[in-house]
There are 2 protein chains.
Amino acid sequence: MIKVAQQYLEVEPWLIREHGFHPERAKVSESLFSLANEFMGIRGYFEEGYGGDRMVGSFFNGVFEEERLAQTPAFSFRGMIERSHGIANACDWLHVRIAAGDETLDLTSSAFSEFERVTDMRTGLMTRSFVWKTRGGARIRIVFSRFLGIGDEAPGYQRIAFEALDGDCVLKVGLGLDFDIPQYTQRLARQWECPRKSASAHSLAILGQLKRSGHGVFASARFEGLDGCAVTPVEAERHAGLDVAFALKAGGRRTIDRIVVATVRRDPPVDVDALWAKGLERAAAKGKAGFDEAFAANAAAWAGIWEDVDIEIEGDPANQQGLRYCLFQLYQSYHGADPTLNVTAKGLTSEYYYGWTWWDTETYCLPFYMFNNPAAARSLLQYRHITLAGALERARQMDCQGARYPMGTIDGTEAVSVWQHGDLEIHVSAAVAFGIEHYTRVTGDFGFMREAGLELLLQICRYYATRGQWSPKTGEFGFWCVMGADEFHMMVHNNYYTNFMAKRAFEYTVETLAAMRTRFQDDYDRIVGKVGLRDDEPGTWRTKAARMRLNRDPVTGIIEQHDGYFDMPHLDLATVPPEQFPLYEHWPYLKIFQWDFIKQPDVLLALFLHGAAFTREEKLANYEHYEPRCMHESSLSPSIHSILAAGIGKRDAAMNYFQQATRLDLDDYNRNTWQGLHTTSMAGAYMNVVYGFGGMRSDGELPSFDPVLPDAWRRLRYRVHVRGSVVEIEVTPGKSVARVIRGGPVKLVLREAATEVTAHAVEF
Amino acid sequence: MIKVAQQYLEVEPWLIREHGFHPERAKVSESLFSLANEFMGIRGYFEEGYGGDRMVGSFFNGVFEEERLAQTPAFSFRGMIERSHGIANACDWLHVRIAAGDETLDLTSSAFSEFERVTDMRTGLMTRSFVWKTRGGARIRIVFSRFLGIGDEAPGYQRIAFEALDGDCVLKVGLGLDFDIPQYTQRLARQWECPRKSASAHSLAILGQLKRSGHGVFASARFEGLDGCAVTPVEAERHAGLDVAFALKAGGRRTIDRIVVATVRRDPPVDVDALWAKGLERAAAKGKAGFDEAFAANAAAWAGIWEDVDIEIEGDPANQQGLRYCLFQLYQSYHGADPTLNVTAKGLTSEYYYGWTWWDTETYCLPFYMFNNPAAARSLLQYRHITLAGALERARQMDCQGARYPMGTIDGTEAVSVWQHGDLEIHVSAAVAFGIEHYTRVTGDFGFMREAGLELLLQICRYYATRGQWSPKTGEFGFWCVMGADEFHMMVHNNYYTNFMAKRAFEYTVETLAAMRTRFQDDYDRIVGKVGLRDDEPGTWRTKAARMRLNRDPVTGIIEQHDGYFDMPHLDLATVPPEQFPLYEHWPYLKIFQWDFIKQPDVLLALFLHGAAFTREEKLANYEHYEPRCMHESSLSPSIHSILAAGIGKRDAAMNYFQQATRLDLDDYNRNTWQGLHTTSMAGAYMNVVYGFGGMRSDGELPSFDPVLPDAWRRLRYRVHVRGSVVEIEVTPGKSVARVIRGGPVKLVLREAATEVTAHAVEF
């Protein structure tokens, strides 16, 4: 299968630069120049308006609208969800309209030159500049800058700098807070009602409320640089604004800054007056600093972040840039400030995928946070505890007990209305259990387990114990009628990934239960009492784990992805013309499921996540079977292949897949970056370098390191948090070095040798 | 599994009688008292209006409204249909409102006694009578009568007879033609626009048009018995009416008759003026006869129909009545006048199942028509030829060639929007092939084959040849990712029923192709040319038939319903509490598919349809395996079990299932008769008596007879059309007799002996 890079941005170590405007990629650029700060996110759209192809996007994390799902009465079935929800496209708080004479600036129709758009990943600043030649004959350089504060519900900042290069002119500038934003995934519906607005000479405020969910967003803007301008307040149904006019003589300049403070409420019913009052109070408290002061503070904060998070690759500028971009976007999307939030498939860069959190939080994203920001990793797990009620209720709806975590969700209730995914993909709960296990082992923090982790594990086991069934032929335990991680086989029985992950959840839970009873009797009693654990349950879980069906060809040792998989008709993927990808768009839906090819790793994912449980020979045999059958129609696919390939010595394949992972969005490999960034697969890119070439493994007792430097690379350097210390791994040709750069000594396995690593460099 | 009769109607040989009104069964009665004449159908609702539970229903066969299916953009997939359609609830042409003083007659609020509702199956007349005690103190007997003419687009007739038993009164009667009828399956939407209406002193006309499909219905009414009444025309958006007032003195009577002639157009765009003119013209031509004259003609027509169609059972009044009811409703629903129409799941008694035609036309309904009205059987097959274009297009949509017949349809395009049925149930085309084979063999009419049958067979084979795949393990041919006749297993591979039926389609087609080439070279050349048959195709079909996967346990000889079926977890159906039925309403959808129980016969259906291909031992073994696993959640299920049980000597089971089949609706076994009659399963009841106790087989070279009279029965008598003659079979204890009652001698197999049967009784 051929994936082709579409590179149009400059390759630079720290910058994402679009040199000259590419209107045919307008929406791709909007995605790529997105900014976020966990609390809110904004696409890189043209704030002055644009008549061409665009998808304005401004999001507040967790703020969603509900949808009642229409079902024809004769064809609605029990257990299918009746209500869904999706992140709301909220408030265009950068809203500007600029006119000179009777010409409104619009890059589809206005004359302009020297266009450049740059995001500086060192500071989180995005700037866009061009020279506008007005119909009136003036030439005006305009530079738009924006950044989002890093910190608790921090403000957003915008600067608009005008410079008349030649010719005099009068500019009329409309500055607004605008909730009249279309919901693109809901046929451009306007979802907001705005019961309160206000405008004064230098500030705006507006309150938006969603009709069905009742969620509320207060947004305020304070402007600097309007002195001497004529200012008129304007108001529309979902808009509060100021119309500003000023003259600019040749050589003259004016800079307008905007500081935006927002406050959200996601706990309806929302009291409009109370939210308004709280919003104003927070605006006053948080919006004091001006653009320059806030920017300086932010740049310093980012410098501190990069200190730990950065990964250096020398000798491979494209991957260096791609990887940094992934780290930058991941950190922006989520850094653990609020445990009621989570990482979403597209971060805060799009409505697509509805702002949902999926099972890749635990299987793909967690390592980035565990090794860079362990508190954020714990927040991610706490989210599963906060949303436990939804998982318990969902299991009951499906006639099961325990906790059945949703396939996609914001608030913890199942939001995936495509039942063949929402109802059949039962592997999410096992991923949560895996996340708890992984976190606890790597961080050594047993606190989460004592507080909530064991409770989740018990409820998860209970779900699988009641969802599973027994084979009448072999007496094995397993799961009939599921969809595994590979979504190109549906309604299969005994999917390997699902069965293996559930088996491990059973085993780890039984083991942890015993450890808790010994070490923390009080927590044990409290949790067991709360869950109402019956004496016989752990024993049945042990039995079910021991008798779990795990299909494997006795001759070749190759694992069978599900019952009957080896009898699925074979298709050579090389015979599929590239223009038929993605298959979802080009093939009849049903035909996708009729063959032995797979969408993304399933058996191989289990082999990666639980690598220590499999030999190198097993990995090799299964890689060679499944890799040629994989379509990679999930963006989560290449990184897992790269990591496994690196581990079994397939260096070319490892590098090829790595490239697809780091630059998936920058080079739009999947032709859908316009829909938003593949944020969770960026976490896959992180894993790719650290677990792949970086050679780390974190599924044993101690973290282990066995790096493999690609031939072209001169140096690879990354840092990981391990049990309270920060360890730096530096790999150069023929030499690997580990050292602690912060905190006390830690025990690591370096090329199979358990080693105590200190601040002094250890070569291995 | 426990199915319980809910009997509330009298058991009488020729009448369906509700003695005293049963408001709790109001909608069940509406279904049971439905009348139809193939052209139109009407539920047994109270024409005077009713404030209680009701579902008014009036249908014109084939007149449907379209629906564009809403799909969330991110979740619509290729190959899924985008447009559906469903029969339109059309015109309440019996519409009456009756008032005395300020009291409007309504059986929810008015005082009444002596209620009786009766359908006389000998004549097709439905009458309803009661005595109304008005608030004004008068007692008025009202008798409503209705019947539908049998014949080409024949009129409907209504009589309303008033008799003042005591007290004087003035009655105000509103007589209307009313398109303001809710579409119950579309959230009570009003679907009709009425661009033209007219009213005169004794007649009404109105034209309704459907907004999306453009189908049009013209309805006219001529009244008799209005002499001396004050008559005022009234009009509303979708209504044309006459308000009539007359006085009734104690002992006085008045009878109002209505003759309704309708004309429909299903070929948009419909010219409103042309349809109006044509409607008036037909009204004048067809509406001349009054109620009594038309009734006499109709009663004579029904007498002629019963002469052939009736089946007599002596010694079992309940089954005698139930069976006659099935024959009556089947004949009403369809008798072959128009080959663009077909039998629908609920006849013309409901919107439920959307007026669609399914695969049971060929597998269940065809025998009733072949053996009673061969021309109608041929019309049913012609329907598949008329709708071939839709089947060809559907195959292309699914990346296949040939003809893929829809799961449910009116106009030949797929209407089933539940993709797991519409897309996965690929067995419909094989049923069509089976129908062609069955018809040709039984009737000896090769004309349909020469005209169109071979063309259909070739296109059907082409579909299966391109839909099928090869097993990489065994080299067998088969069908992956299907749903079989048993709808409780989804996305299975190599469903036995599907594979077996497709194999037979291949074999029969190859055989027929050779016969055509020899016997009818011209037709052969024409059809092969039209289809563009490639030389190699028949050979590949032979190979695919020969290598078709047909799973069977080598030890027990039991057929495996699909790959891996014997490994499906087992559930003892006796452990499922009766209140959990139907499972679709009480179980999570997914859970239905996780077990080895089945919804309806699948393997057993193949064994019945192709009985000659299996030994008695095979039938016994498979019956004993599958019967205890069958939920019978399809109304098509009991009759097949009864027939097989009769053939293998399980007399009690045969009688038990027979009872469920004949009285399914009369006794509301499935608790859903309110949604309409199970018309196609009534054809199953016909098969049940003729193939079951009647012992007929029609899948060999000659029809064969081997009756088994149940102990309680004193006599069974049925008549069948065989190759132009009508044969009567009469079975009494210890004695069976065959004779030709019309036409020349025919060859039959009587208890395994080939016999020429003539007008003289042959005992066997």
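The values are calculated or read from the model by the stated rules, or taken from the named source; none is laboratory data. Since the structure is predicted, the reported quantities are computational estimates derived from the model, not experimental observations. Positions of Cβ are backbone-derived with ideal geometry, glycine not excepted, and every protein chain shown enters the neighbour counts.
Against the conditions (1) surrounded by fewer than 24 Cβ atoms within 10 Å (Cβ to Cβ); (2) under 28 Å from the mean Cα position of the chain (by Cα); (3) over 17 Å from B:L456 (Cβ atoms), B:R519 satisfies every one except (2). Could you tell me whether any residue of segment A:495-508 is more than 15 Å from A:L609 (Cα to Cα), crowded, with 22+ Cβ neighbours inside 10 Å and hydroxyl-bearing (S, T, Y)? No. Candidates in segment B:534-557 are the residues that are surrounded by fewer than 18 Cβ atoms within 10 Å (Cβ to Cβ) and of a type in the set (A, V, I, L, M, F, W, C); of these, the one that is farthest from the chain's Cα centre (by Cα) is B:V555.
What pairs can you find where one residue is in segment A:324-352 and basic (K, R), the other is at pLDDT 95 or above and in a loop (DSSP other than H, G, I, E, B), and their Cβ atoms are less than 6 Å apart, with a gap of 6+ or different chains? So the pair list comes out as A:R324/A:M121; A:K346/A:G676; A:K346/A:L677. Being more than 14 Å from every other protein chain (Cβ to nearest Cβ), of a type in the set (G, A, S) and within 30 Å of A:A88 (Cα to Cα) is the requirement here; does A:G412 meet it? Spelling it out, A:G412 is indeed more than 14 Å from every other protein chain (Cβ to nearest Cβ), of a type in the set (G, A, S) and within 30 Å of A:A88 (Cα to Cα).
Condition check ((1) under 21 Å from B:S471 (Cα atoms); (2) surrounded by fewer than 20 Cβ atoms within 10 Å (Cβ to Cβ)) across all residues:
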site	(1), (2)
A:Q561	yes, no
A:H570	yes, yes
A:A574	yes, yes
A:Q580	no, yes
A:I592	yes, no
A:H610	no, yes
A:Y623	no, no
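Here are some residues: A:I410, A:I426. Which one is crowded, with 21+ Cβ neighbours inside 10 Å, more than 21 Å from B:M490 (Cβ to Cβ) and either touching a Phe, Trp or Tyr at 6+ places or on another chain (Cβ under 7 Å) or not hydrophobic (A, V, I, L, M, F, W, C) (or both)? A:I410 is the lone residue from the list that is crowded, with 21+ Cβ neighbours inside 10 Å, more than 21 Å from B:M490 (Cβ to Cβ) and either touching a Phe, Trp or Tyr at 6+ places or on another chain (Cβ under 7 Å) or not hydrophobic (A, V, I, L, M, F, W, C) (or both).
Taken as a whole, the condition of being hydrophobic (A, V, I, L, M, F, W, C), in a helix (DSSP H, G or I), away from every other protein chain (no Cβ under 14 Å) and surrounded by fewer than 23 Cβ atoms within 10 Å (Cβ to Cβ) does not apply to A:A337.
Quickly run through segment A:214-234 and pick out the residues that are over 36 Å from the mean Cα position of the chain (by Cα) and either in a strand (DSSP E or B) or surrounded by 14 or more Cβ atoms within 10 Å (Cβ to Cβ) (or both). Can you show your working first?
Keep residues of segment A:214-234 that are over 36 Å from the mean Cα position of the chain (by Cα), which gives A:225-234.
The answer is A:G225, A:L226, A:C229, A:A230, A:V231, A:T232, A:P233, A:V234.
Just wondering, is there one or more residues in segment B:749-764 that are hydrophobic (A, V, I, L, M, F, W, C), out of contact with any helix residue (DSSP H, G or I) (no Cβ under 6 Å at 6 or more places or on another chain) and under 15 Å from B:I311 (Cα atoms)? For segment B:749-764, residues hydrophobic (A, V, I, L, M, F, W, C), out of contact with any helix residue (DSSP H, G or I) (no Cβ under 6 Å at 6 or more places or on another chain) and under 15 Å from B:I311 (Cα atoms): absent.
Here are B:H632, B:H625: which of them is in contact (Cβ under 8 Å) with a residue 60 or more places away in the chain, in a loop (DSSP other than H, G, I, E, B) and within 18 Å of B:I598 (Cα to Cα)?
Values: B:H625 fails: in a loop (DSSP other than H, G, I, E, B).
None of the others qualify; the one that does is B:H632.
Considering the conditions (1) touching a residue at least 12 places away in the same chain (Cβ under 8 Å); (2) away from chain B (no Cβ under 11 Å); (3) more than 20 Å from A:D423 (Cβ to Cβ); (4) surrounded by fewer than 22 Cβ atoms within 10 Å (Cβ to Cβ), A:T474 is excluded by exactly one of them, (2).
Assessment of segment B:216-228 against the conditions (among the polar types (S, T, N, Q) and within 14 Å of chain A (Cβ to nearest Cβ)) yields no matching residue. Whether a residue is modelled with pLDDT of 95 or more, surrounded by fewer than 17 Cβ atoms within 10 Å (Cβ to Cβ) and more than 24 Å from B:E351 (Cα to Cα) was assessed, and B:E24 does not pass this test. Could you list, in sequence order, all residues of segment B:712-729 that are more than 12 Å from B:I311 (Cβ to Cβ) and either buried (at least 17 other Cβ atoms within 10 Å of the Cβ) or under 26 Å from the mean Cα position of the chain (by Cα) (or both)? Correct list: B:H721, B:V722, B:R723, B:G724, B:S725, B:V726, B:V727.
The listed residues are A:G86, A:G79, and the only one of them that is of a type in the set (G, A, S) and either at pLDDT 95 or above or farther than 27 Å from A:G408 by Cβ (or both) turns out to be A:G86.
Within segment B:345-374, the set of residues being outside any helix (DSSP H, G or I) and either among the aromatic types (F, W, Y) or within 14 Å of chain A (Cβ to nearest Cβ) (or both) comprises B:A345, B:K346, B:S350, B:E351, B:W356, B:W358, B:W359. Which of the residues belonging to segment A:538-569 are in a helix (DSSP H, G or I) and away from chain B (no Cβ under 13 Å)? If the condition is that a residue be in a helix (DSSP H, G or I) and away from chain B (no Cβ under 13 Å), then A:P538, A:G539, A:T540, A:W541, A:R542, A:T543, A:K544, A:A545, A:A546 are the ones that fit.
Look at (1) part of a helix (DSSP H, G or I); (2) within 14 Å of chain A (Cβ to nearest Cβ) and you find that B:L458 fails only one, number (2).
Being under 25 Å from B:G322 (Cβ atoms) and in contact with a Gly (Cβ under 8 Å, 6 or more places away or on another chain), is that true of even one residue in segment B:8-25?
So the first thing to find is which residues in segment B:8-25 are under 25 Å from B:G322 (Cβ atoms), and the list is B:8-25.
Retained after the next criterion (residues that are in contact with a Gly (Cβ under 8 Å, 6 or more places away or on another chain)): B:23.
Yes, because at least one residue in segment B:8-25 is under 25 Å from B:G322 (Cβ atoms) and in contact with a Gly (Cβ under 8 Å, 6 or more places away or on another chain).
Residues of segment A:185-213 that are part of a loop (DSSP other than H, G, I, E, B) and touching a strand residue (DSSP E or B) at 6+ places or on another chain (Cβ under 7 Å): A:L188, A:Q191, A:A201, A:H202, A:K211, A:R212, A:S213. Scanning segment A:1-26 for residues that are under 20 Å from A:G124 (Cα atoms) and in contact with a Lys or Arg (Cβ under 8 Å, 6 or more places away or on another chain) gives A:L9, A:E10, A:P13, A:W14, A:R17, A:E18. Of the residues making up segment B:480-537, those that are within 14 Å of another protein chain (Cβ to nearest Cβ) and aliphatic (A, V, I, L, M) are B:V482, B:M483, B:M490, B:M491, B:V492. Being of a type in the set (D, E), away from chain B (no Cβ under 14 Å), loosely packed, with under 15 Cβ neighbours inside 10 Å and part of a helix (DSSP H, G or I) holds for only one residue in A:E617, A:E585, and it is A:E617.
Quick one: which residue in B:G124, B:G79 is more than 18 Å from B:R266 (Cβ to Cβ) and within 14 Å of chain A (Cβ to nearest Cβ)?
B:G79
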